[in-house]
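The values are calculated or read from the model by the stated rules, or taken from the named source; none is laboratory data. Model, not experiment: these values are computed from the prediction. Cβ atoms come from the backbone with ideal geometry, glycine included; neighbour counts cover every protein chain shown. Calculation scope for accessible area: heavy atoms of the full protein, side chains included, ligands and nucleic acids excluded. Shrake-Rupley method; radii C 1.70, N 1.55, O 1.52, S 1.80 Å.
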Amino acid sequence: MPGKTLNVALIGYKFMGKAHSQAWRTVGRFFDLPAQPVMKVVCGRDEAAVGEFAQRWGWESATASWRDAVTRDDVDLVDISTPGYTHRDIAVAAAEAGKHLWCEKPLTFTLAEAREMLAAVKKAGVKHAVNFNYRRCPAVALAKKMIDDGAIGQIRHARFTYLQDWLVDPKFPMNWRLRKEAAGSGAHGDLGAHSIDRARYLVGDIGEVIGMKKTFIAERPAEGTSSGLTAVAGEGTERVTVDDASVFLAKFTGGAIGTFEATRMAPGRKNFNRFEINGAKGTLVWCFEDLNFLDYYSTEDPADRRGFRRIIATEGVHPYAGNWWPPGHMLGYDHGFVNAAAELVQCIANDKNCSPCFGAGAKCVAVLEAVDHSAESGQWTKVESVE
């Protein structure tokens, strides 16, 4: 990277585009990086809207052609924040053009496509990462360190729950997240992907699953306009073609058992993204709605002093936290994206493998797909391996 810069092309400018733009605007100010990101170009289908977005968020230029963006000579990294149905084509083209890649989750809809993407980045020899941003919350990274250090012993139970309520109202209009051709699946792929990746990160690989999915509201008002998780109805109605909720059981290859639940139909739950992991010597609990805290119980505490302790993961000794504010000054949703961007830049500049990489993204898709097959067959289904 001449001059120790990393020139970035962002594909997509809506909800995730804002989060990624905030990361690129901020990361070089809080992290001491070996290369400084440069926000070269942002791409979106609406030329006027993406132009306004570029000015607002600090991108040097804008384009309506993602192919032009990913083949530019002055771009080093392609950041994909578009809906999942576009990921495969953009990623493969970017890899063939020799660009490093940062892609939103899920990596894609099918394991076959995920394998294509993984093969493309391996062949090109470029760095590649998937944005499972919740890994980058200091409390979650601390949980990983504690598990690796043996703080809770051998893991026996793992519970992952991701609850939202933005689709409870049957009058909420359609948007792209409710169409299978654009979103791939509903709560299962959108929310469940996060839980699966965090389970693999903290507990280990998943070998076998059995699950079910449910669509509670099969028809909604047609889409007029939408942005993020808000929408205004248009004329008529449209059929929902994805799930509203999914539930599955899992057998981890290391011997633990797990439960997973994802839904957009839980009144009062805005982003209730939680895990509880029980080991032979203790328990760890975390929830994104209180993201700076990690709850820890140890059976090795004196018998008369046992109980859950709350660890505030904002000290300089905690992962990522030392780059931010003084202890006790809380971090939020956007900080996970900045932390992820910092790791990505460091990996590229120092020629190190990224984590989670496209391989981890493909393994997540393999679990999602196995649950889909199980929901259809009603049987336990083995998760396909990814090399």
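Couple of notes before you dig in:
- Tally, over region 138-162, of residues that are hydrophobic (A, V, I, L, M, F, W, C), open to solvent by less than 20 Å² (accessible area, probe 1.4 Å) and assigned to a strand (DSSP E or B): 2
- With respect to the stated conditions, Glu300 fails to be acidic (Asp, Glu) and at pLDDT below 95.
- Screening Gly192, Gly204 for residues that are in contact with a strand residue (DSSP E or B) (Cβ under 6 Å, 6 or more places away or on another chain) and buried (at least 22 other Cβ atoms within 10 Å of the Cβ) leaves exactly one candidate, Gly192.
- Scanning region 223-235 for residues that are surrounded by fewer than 13 Cβ atoms within 10 Å (Cβ to Cβ), among the polar types (S, T, N, Q) and touching a helix residue (DSSP H, G or I) at 6+ places or on another chain (Cβ under 8 Å) gives a single hit, Ser227.
- Check on Glu276, on the phi < 0 side of the Ramachandran plot and either of a type in the set (Val, Ile, Thr) or surrounded by fewer than 18 Cβ atoms within 10 Å (Cβ to Cβ) (or both): yes
- Just one of the numbered conditions (1) touching a residue at least 12 places away in the same chain (Cβ under 8 Å); (2) out of contact with any strand residue (DSSP E or B) (no Cβ under 6 Å at 6 or more places or on another chain); (3) of a type outside the set (A, V, I, L, M, F, W, C); (4) open to solvent by 10 Å² or more (accessible area, probe 1.4 Å) is not true of Asp169: (1).
- Applying the condition of being touching a residue at least 60 places away in the same chain (Cβ under 8 Å) and not small (Gly, Ala, Ser) to region 207-217 and asking which residue is least open to solvent (accessible area, probe 1.4 Å) yields Val209.
- Looking only at residues in region 347-387 that are assigned to a loop (DSSP other than H, G, I, E, B), more than 30 Å from Asp32 (Cα to Cα) and of a type in the set (D, E, K, R), the one that is most open to solvent (accessible area, probe 1.4 Å) is Glu387.
- Conditions (1) in contact with a Leu (Cβ under 8 Å, 6 or more places away or on another chain); (2) open to solvent by 60 Å² or more (accessible area, probe 1.4 Å); (3) of a type outside the set (Phe, Trp, Tyr); (4) over 30 Å from Ser385 (Cβ atoms); number of the one not met by Arg220: (2)
- Positions within region 289-307 being over 24 Å from the mean Cα position of the chain (by Cα) and surrounded by 15 or more Cβ atoms within 10 Å (Cβ to Cβ), in sequence order: Tyr296, Tyr297, Ser298
- So Ala266, is it under 20 Å from the mean Cα position of the chain (by Cα) and open to solvent by less than 20 Å² (accessible area, probe 1.4 Å): no
Listed here are the residues, each with its yes/no results for (1) under 19 Å from Leu178 (Cβ atoms); (2) open to solvent by less than 30 Å² (accessible area, probe 1.4 Å).
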{"residue": "Thr237", "(1), (2)": "yes, no"}
{"residue": "Thr253", "(1), (2)": "no, no"}
{"residue": "Gly258", "(1), (2)": "no, yes"}
{"residue": "Thr283", "(1), (2)": "no, yes"}
{"residue": "Cys287", "(1), (2)": "no, yes"}
{"residue": "Arg309", "(1), (2)": "no, no"}
{"residue": "Gly316", "(1), (2)": "no, no"}
